1. Quickly run through the stretch 191-206 and pick out the residues that are closer than 18 Å to Gln81 by Cβ and either part of a helix (DSSP H, G or I) or within 19 Å of the chain's Cα centre (by Cα) (or both).
2. Report, by residue number, each residue of the stretch 200-209 that is in contact with a helix residue (DSSP H, G or I) (Cβ under 9 Å, 6 or more places away or on another chain) and surrounded by fewer than 21 Cβ atoms within 10 Å (Cβ to Cβ).
3. Within the stretch 95-154, can you find the residues that are of a type in the set (Val, Ile, Thr) and buried (at least 21 other Cβ atoms within 10 Å of the Cβ)?
4. Would you confirm whether any residue within the stretch 175-197 is at pLDDT 85 or above and of a type in the set (Val, Ile, Thr)?
5. Of the residues Gly209, Gly217, only one is part of a helix (DSSP H, G or I), over 12 Å from the mean Cα position of the chain (by Cα), among the small types (Gly, Ala, Ser) and under 21 Å from Asn107 (Cα atoms); which?
6. Can you name every residue in the stretch 131-190 that is over 15 Å from the mean Cα position of the chain (by Cα), aliphatic (A, V, I, L, M) and not in a helix (DSSP H, G or I)?
Amino acid sequence: MGCGGGTLIVLAVLGALAWFLVIQPVRGFLASWQTPTTVQTQTQTPQGGGTGVQVPSLPGGDTGPGTTPAPGGNVGSPVTQADVGRFARVRQDVSAALGGSFTNLQNVWTDIQNGQTPNILTIVGVLRDAGTSIGRARQAQATALAREGLSAERYATIRSTVNRALGLPNVDFARAAEAIQAGRLPDLNTAVQTATPQERQLVEPYRQGLTQTAALGLLGL
């Protein structure tokens, strides 16, 4: 076999390794991540005129999946302490749904806090560990968001505020997985944004619980 043939074999082996060690876990994670959650809203118009307000249709007597409120007009409004409380309750539900996968996630999160920058293999390891648990966690999140009256967009706004107040980076392995699948290099910036004194004050009553569940942010939760 010539040199060219040997090179082709090496490339084929590397391609197979990339598929089984990187691409397949990423695709499996994203398939579970994208588990559909139905969004149902109703428009209520106040008596005497005015603009209709969209509110979520919460699950009734059925056992179907929770319904996440659609984006509302308050997505970018200042975060309140009540918002932080709602966020903390959602995080607790998601942590419970993730189960044992959360322990491994917490270990990676601790490494990041200690100054280690995650690489692609770290990301893939986290995604593989999350496995099908991410589907349960996403469903728990959708149900909790509906209960708390939060849209996914508003939740993300609160999460950014909480991360700043706790001095945490906005690293998101779910977005990194999307980048890897699309053939792009993921953004693994671990820089921490500076919080305002007001933001720190908002988060302070919930600091302990939010710190314990902060690793969920690695999965975009």
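The values are calculated or read from the model by the stated rules, or taken from the named source; none is laboratory data. Just so you know, these numbers come straight off a predicted model, no measurement behind them. Here the Cβ positions follow ideal geometry from the backbone for every residue, glycine too, while neighbour counts run over all protein chains shown.
1. Of everything in the stretch 191-206, those that are closer than 18 Å to Gln81 by Cβ and either part of a helix (DSSP H, G or I) or within 19 Å of the chain's Cα centre (by Cα) (or both) turn out to be Pro197, Gln198, Glu199, Arg200, Gln201, Leu202, Val203, Glu204, Pro205, Tyr206.
2. Start the filter on the stretch 200-209 by keeping residues that are in contact with a helix residue (DSSP H, G or I) (Cβ under 9 Å, 6 or more places away or on another chain), which leaves 200-207, 209.
Arg200, Gln201, Glu204, Pro205, Tyr206, Arg207, Gly209, listed by residue number.
3. Ile123, Val124, Val126, Ile134, Thr143, listed by residue number.
4. yes
5. Going through Gly209, Gly217 in turn, the sole match is Gly209.
6. Ala182, Leu185
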